[in-house]
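**Q** Structure in structure tokens, see below.
Every read-out reported here was derived from the displayed coordinates using simple, explicitly stated rules and does not represent laboratory data. Just so it is clear, the structure is predicted and the values come from calculations on it, not from any experiment. Cβ placement follows ideal geometry from the backbone for every residue including glycine, while neighbour counts extend to all protein chains displayed.
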Amino acid sequence: MSIKDLGEKIKPFYILLLILVIASIFFGLGRLSVVLERKSPIKISYPNSLGTATVEQAIESTSASDNTELSTLRPQSGGVIGSKSGKKYYYPWCGTVKRIKPQNQVKFESVEAAKAAGYKPAGNCKGLK
């Protein structure tokens, strides 16, 4: 048996394989079009203060507002929470507070009260000095 004879014997399988590959491609494209129709388009909106600003102006504006002093971001009540077994204090929304059992929490009215009790600000809670 020569290579030419072998090629002739498996020729119908090539055609079948080609049909299966083409059918799979079209099936995939059909499925993809359904998925793309369901997605909502991305909308870019700018605050009214920026108007029709360029992207560079928008970046400069947001980075300038990020440099505001952290004291303006602190809560009005000023309450912080510490732990009976530790000497760090946290804002109530810091993730570490969730790991302190309620019976082991020490609540302070202000940062100054926590410092007076010997507590120090936690390094992993943003906004504490």
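**Q** For the stretch 75-121, give the magnitude of the charge dipole about the Cα centre (Cβ charges: +1 Lys/Arg, -1 Asp/Glu; no others), in debye to the nearest 20.
**A** For this selection, approximately 280 debye.
**Q** May I pose another question? Quick one: which residues, 5+ away or cross-chain, put their amide H under 5 Å from the amide H of residue 83? H built at 1.01 Å from N.
**A** 88, 106
**Q** To continue, here is another question. Between residue 84 and residue 40, what FRET efficiency follows from the Cβ-Cβ distance if R0 is 41 Å, with the result rounded to 0.05?
**A** Here the calculated transfer efficiency is 0.25.
**Q** Under a point spin-label approximation (7 Å from Cα along Cα-to-Cβ), what is the residue 126-residue 4 distance to one decimal in nm?
**A** Each label point lies 7 Å from its Cα, and together they span 7.6 nm.
**Q** With θ set to phi - 60° and the Karplus curve 6.51 cos²θ - 1.76 cosθ + 1.60, what are the ³J(HN,Hα) couplings of the stretch 116-128 in order, to the nearest whole Hz, using x for Gly and Pro?
**A** For the stretch 116-128, the Karplus-derived couplings read 5, 7, x, 8, 10, x, 6, x, 9, 10, 5, x, 8 Hz, x marking Gly and Pro.
**Q** I would also like to ask the following. Apply the a/c threshold of 1.5 to the C-alpha gyration tensor of the stretch 75-121 and tell me whether it is rounded, prolate or oblate.
**A** oblate
**Q** In the stretch 82-129, which chymotrypsin sites (Phe, Trp or Tyr not before Pro) fall in coil by DSSP and have 14 or fewer other Cβ atoms within 10 Å?
**A** Those that pass, being in a loop and sparsely packed, are 93.
**Q** Using 0.36 nm times the number of residues separating residue 11 and residue 31, minus their current alpha carbon distance, what extension gain do you get?
**A** 4.1 nm
**Q** Arranged by the count of other C-beta atoms within 10 angstrom, fewest first, what order do 80, 106 take?
**A** Ranking 80, 106 by Cβ neighbours within 10 Å, fewest first, gives 106, 80.
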